[in-house]
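Written out below as structure tokens is the structure these notes cover.
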Amino acid sequence: MTKHPIISAFIFFFVLFFTSCNPKTENSTDQKAEAILSKMTLEEKVGQMAQITLDVVGNGKNRHASNEPFSIDTLRLRKAIKEYHIGSILNTTNNYALPPAQWNEIISLIQKVAIDETRMKIPVIYGIDATHGTTYTDGAIMFPQQITIAASFNPVNAYNMARVTAYETRASGIPWNFSPVLDLGADPRFSRQFEGFGEDPYLTEIMGVQMVKGYEGMSDSVQSPYKVASCLKHFMGYSVPVSGKDRTPAFIPDNVLTEYHLAPFKAAIEAGAEAVMINSGIINGVSVHSSYDIITGLLKDKLKFGGVVVSDWMDIINLHTRDKIAKDNKEAIKLSINAGIDMSMIPYEYESFCNDLIALVKSGEVKESRIDDAVRRILKMKLKLGLWEHPVTNIKDYPEFGSEKSARLSYESAADAITLLKNKGEILPLSKSSKVLVCGPNANSIRTLNGGWSYSWQGEKTERYTSKFNTIVEAIQNEIGINNVKYIPGVSYNEEGKYFEDYENGMKEAIAAAKTADAVILCLGENSYAEKPGDLNDLTLSSNQLKLAREISKSGKPVILVLNEGRPRCFSEIEPSMAAVVQTYLPGNYGADALAGILFGDVNPSGKLPYTYPSYPNSIVTYYHKPSEEQKRADGAYVYESDYNPMYEFGFGLSYTTFEYSQLKVSAKEFSNGDKIKIDVDVKNTGKRAGKEVVLLYTSDLYATITPDVKRLRRFEKINLQPGEKKTVSFEITAKDIAFVNQQNQWITEPGDFEISVGKLKTKITYK
């Protein structure tokens, strides 16, 4: 098989420490898996490595589209499971969310065929992308998207979302969830920005580990009928293509891959994640699905990942059709399976996959030992999930499905995350007696609050499932009374077109109405999208939205800009004329209620930006950028710009109260390897309202053999303070926490001075 020198060097020098699994449980599972494997034919093994989409076994004119209402075609099902021994099914039917009882019926029939009508009686494992709630189940609790959870800087919210999602996904009969997303949101252009935890590796690591724990529970509890197997995606470097567009090539130095992109995956694997999905793209000219060095050398050997490695949608075949490294589909299968892929998300033409892979084994081009390794991993995951004991669940056994208690957690997560970015003259909170105009394309849409992966892939079907939830304008009406609220869209999305298409809809009327209002709540942002369809050519807000903002601001009335978007869309042109700016991200079904509470003072905002908000599309820089020349007038005839000039910095967010930092102390000014440095700082609420503050600890390596980042987030904690209350927040760091990856791709902490900063306070420590 082909080796790639660059990636090989990356692996060779990679240094990590690993955790071990429970030996007793592992041994028992290993023995059971081995016993099953020993009795399987080659054909049965290959079938376990195939994953098909649900429509393939549905009644309909073809396998790409099923009849509605959905029903299983038993002949198609028996062909897939009895003849080809298919081991996994995913997705929903025709892009519709189904009630849990229907899910139970569908999966019961699938499992009945798999268990009652096959020789080996191996249950099928069903999987979906339940990214912020049980995506394809009607009635499930939809939480804020991951990027919103990140803005809360509260790991409890990540855990709660995953725990409830696991419960409700399992209530639907589905035991495998393709989540969490651990891709770094270091490029705001990327269409999947909202699916991750933002640009910082440490924040992503902390949140990702909590989601794995929420999905799978503590050690061995994944077998609980209330837990699911998690799947980390997308291993790795997926989110920073050069073009900013999904599934396009990336060029990432090995040390950057190691230091920034790998760390969250390493931590989540150590937390027990059962599966990993592979990056769909190309890194440094190498198709990741074909890379033995990344999949086997790094993930399986170095990271000691013992779970299932699954491909993404059609990505094995893409080695032939898109990447041009395989002359045909058969060679694509050979490359990916030999690289270490255990299960192929086919998702339609499973017959050719199975037949080709069997032929490859018989010809010796793929060793049967590689097949055995893949199937062993798949069987172990099925055994851990207890699928032989409970191959399907019943909604009757899940009384907390869609409960008010879970809904409250969703609301609290949104309220904890929504971020106040500007509040000129303390215009917010508004008086509840205010007469307000609400306008903008995002003002009256549940779809935009949820984003993609909500009831349907693109989120375009959200409204048919969400009539009981409030849009922004409805939530404001509930907050201050319908008679105090006038709604005129001004601009609306073309719901039948592409997500970015909008048009003027009562713009003149909205401009006129603004003059009679006490304040204008202007709701701009994006319509829902997911993956490749969400690519864009300009990060700036649409021309229609900017026009509406410009004209509304001429009214002389204070304009509160509410941003509802999956990524930070640029709006520098209109920012100076906005009295306040509130970022909601994608806050879910209860996001409008949380927003209304913030706008009118029931909730004190406490969210912080999990990414750097750019001023311009050509000024995309993360907070941990390398030092560069400052913007200034150069000597002589030249004037140039090269500075860091974001609209709002990572970690920024205002409150309705004020906080004072003091008494930054370290336990020692000098330390060496093995020492722990304790850092204390006092934080006081100096305002008149109770509020939450996110305390962020950064370090800066003042001098290093590689130009150091200007700063890096190392610890954070969210605290709640009453007016006048003071708390001492304590952190602990070691030499390992301030290490970096050098040119030889080795982790190293070099002797020298480091700056520690919390708020505006700074102190120095020296590593010897």
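Listed values, structure above:
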read-out: Residue in the range 123-138 that is over 21 Å from Ser311 (Cα atoms) and assigned to a helix (DSSP H, G or I) present; value: no
read-out: Conditions (1) assigned to a helix (DSSP H, G or I); (2) surrounded by 20 or more Cβ atoms within 10 Å (Cβ to Cβ); (3) among the polar types (S, T, N, Q): number failed by Asn255; value: (2)
read-out: Residue in the range 109-126 that is under 27 Å from Lys692 (Cβ atoms), surrounded by 23 or more Cβ atoms within 10 Å (Cβ to Cβ), in contact (Cβ under 8 Å) with a residue 24 or more places away in the chain and touching a Ser or Thr at 6+ places or on another chain (Cβ under 7 Å) present; value: no
read-out: Cβ pairs under 7 Å, 6+ apart, first in the range 392-403 and crowded, with 18+ Cβ neighbours inside 10 Å, second assigned to a helix (DSSP H, G or I) and of a type in the set (Asp, Glu); value: Phe401/Glu168
read-out: Of the criteria (1) out of contact with any Ser or Thr (no Cβ under 7 Å at 6 or more places or on another chain); (2) assigned to a strand (DSSP E or B); (3) exposed (fewer than 13 other Cβ atoms within 10 Å of the Cβ), which one Glu717 fails; value: (3)
read-out: Single match in Ala80, Ala33 (criterion: surrounded by 19 or more Cβ atoms within 10 Å (Cβ to Cβ) and closer than 14 Å to Arg376 by Cα); value: Ala33
read-out: All positions within the range 54-73 that are free of Cβ contacts under 8 Å to residues at least 24 places away in the same chain and surrounded by 13 or more Cβ atoms within 10 Å (Cβ to Cβ); value: Asn59, Gly60, Asn67, Ser71, Asp73
read-out: Residue match in the range 302-325 (condition: small (Gly, Ala, Ser) and over 22 Å from Ala273 (Cβ atoms)); value: no
read-out: Residue tally, condition outside any helix (DSSP H, G or I) and more than 18 Å from Gly566 (Cα to Cα), over the range 146-164; value: 1
read-out: Residues satisfying the stated conditions in the range 82-108, i.e. in contact (Cβ under 8 Å) with a residue 40 or more places away in the chain, out of contact with any Gly (no Cβ under 8 Å at 6 or more places or on another chain) and not in a loop (DSSP other than H, G, I, E, B); value: Leu98, Ala101
read-out: Any hit, the range 304-327, residues being of a type outside the set (Ser, Thr, Tyr), in contact with a helix residue (DSSP H, G or I) (Cβ under 9 Å, 6 or more places away or on another chain), crowded, with 24+ Cβ neighbours inside 10 Å and more than 30 Å from Asn94 (Cβ to Cβ); value: yes
read-out: The range 188-202, residues that are surrounded by 24 or more Cβ atoms within 10 Å (Cβ to Cβ) and part of a helix (DSSP H, G or I); value: Gln193, Phe194, Glu195
read-out: Selection count where residues are in a loop (DSSP other than H, G, I, E, B) and among the polar types (S, T, N, Q), scope the range 465-481; value: 4
read-out: Condition check for Pro241: in contact with a Ser or Thr (Cβ under 8 Å, 6 or more places away or on another chain), in a helix (DSSP H, G or I) and within 24 Å of Ser191 (Cβ to Cβ); value: no
read-out: Given (1) in contact with a helix residue (DSSP H, G or I) (Cβ under 7 Å, 6 or more places away or on another chain); (2) of a type in the set (Phe, Trp, Tyr); (3) buried (at least 21 other Cβ atoms within 10 Å of the Cβ), number of the condition Tyr348 does not satisfy; value: (3)
read-out: All positions within the range 309-335 that are assigned to a helix (DSSP H, G or I) and over 25 Å from the mean Cα position of the chain (by Cα); value: Leu319, His320, Thr321, Asn329, Lys330, Glu331, Ala332, Ile333, Lys334, Leu335
read-out: Residue check, Thr699 outside any loop (DSSP other than H, G, I, E, B), touching a residue at least 24 places away in the same chain (Cβ under 8 Å) and surrounded by fewer than 16 Cβ atoms within 10 Å (Cβ to Cβ); value: no
read-out: Residue under evaluation Ile278, criteria (1) among the hydrophobic types (A, V, I, L, M, F, W, C); (2) over 25 Å from Gly607 (Cβ atoms); (3) surrounded by fewer than 24 Cβ atoms within 10 Å (Cβ to Cβ), criterion not met; value: (3)
read-out: Count of the range 336-365 residues which are over 20 Å from Leu54 (Cα atoms) and assigned to a helix (DSSP H, G or I); value: 12
read-out: Filtered residue count, the range 494-515, keeping only those that are among the small types (Gly, Ala, Ser) and in contact (Cβ under 8 Å) with a residue 12 or more places away in the chain; value: 4
read-out: Qualifying residue in the range 560-568 (condition: crowded, with 22+ Cβ neighbours inside 10 Å, at pLDDT 95 or above and basic (Lys, Arg)); value: yes
read-out: Selection status of Thr25, within 30 Å of Asp737 (Cβ to Cβ), out of contact with any Phe, Trp or Tyr (no Cβ under 9 Å at 6 or more places or on another chain), modelled with pLDDT under 95 and not aromatic (Phe, Trp, Tyr); value: no
read-out: Meets criteria (in a helix (DSSP H, G or I), within 22 Å of Ser152 (Cα to Cα), touching a strand residue (DSSP E or B) at 6+ places or on another chain (Cβ under 9 Å) and in contact (Cβ under 8 Å) with a residue 24 or more places away in the chain) for Val212; value: yes
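Residues checked against (1) at pLDDT 95 or above; (2) assigned by TED's automatic domain parsing to the domain that holds Phe754; (3) assigned to a loop (DSSP other than H, G, I, E, B):
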{"site": "Asp635", "(1), (2), (3)": "no, no, yes"}
{"site": "Asp643", "(1), (2), (3)": "no, no, yes"}
{"site": "Leu664", "(1), (2), (3)": "yes, yes, no"}
{"site": "Ala668", "(1), (2), (3)": "yes, yes, yes"}
{"site": "Ile677", "(1), (2), (3)": "yes, yes, no"}
{"site": "Asp680", "(1), (2), (3)": "yes, yes, no"}
{"site": "Lys684", "(1), (2), (3)": "yes, yes, no"}
{"site": "Gly687", "(1), (2), (3)": "yes, yes, yes"}
{"site": "Val710", "(1), (2), (3)": "yes, yes, yes"}
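The values are calculated or read from the model by the stated rules, or taken from the named source; none is laboratory data. Quick caveat, the model's predicted, so the values are computed rather than measured. Counting neighbours? That spans all protein chains shown, and the Cβs are built from the backbone with ideal geometry, glycine included.
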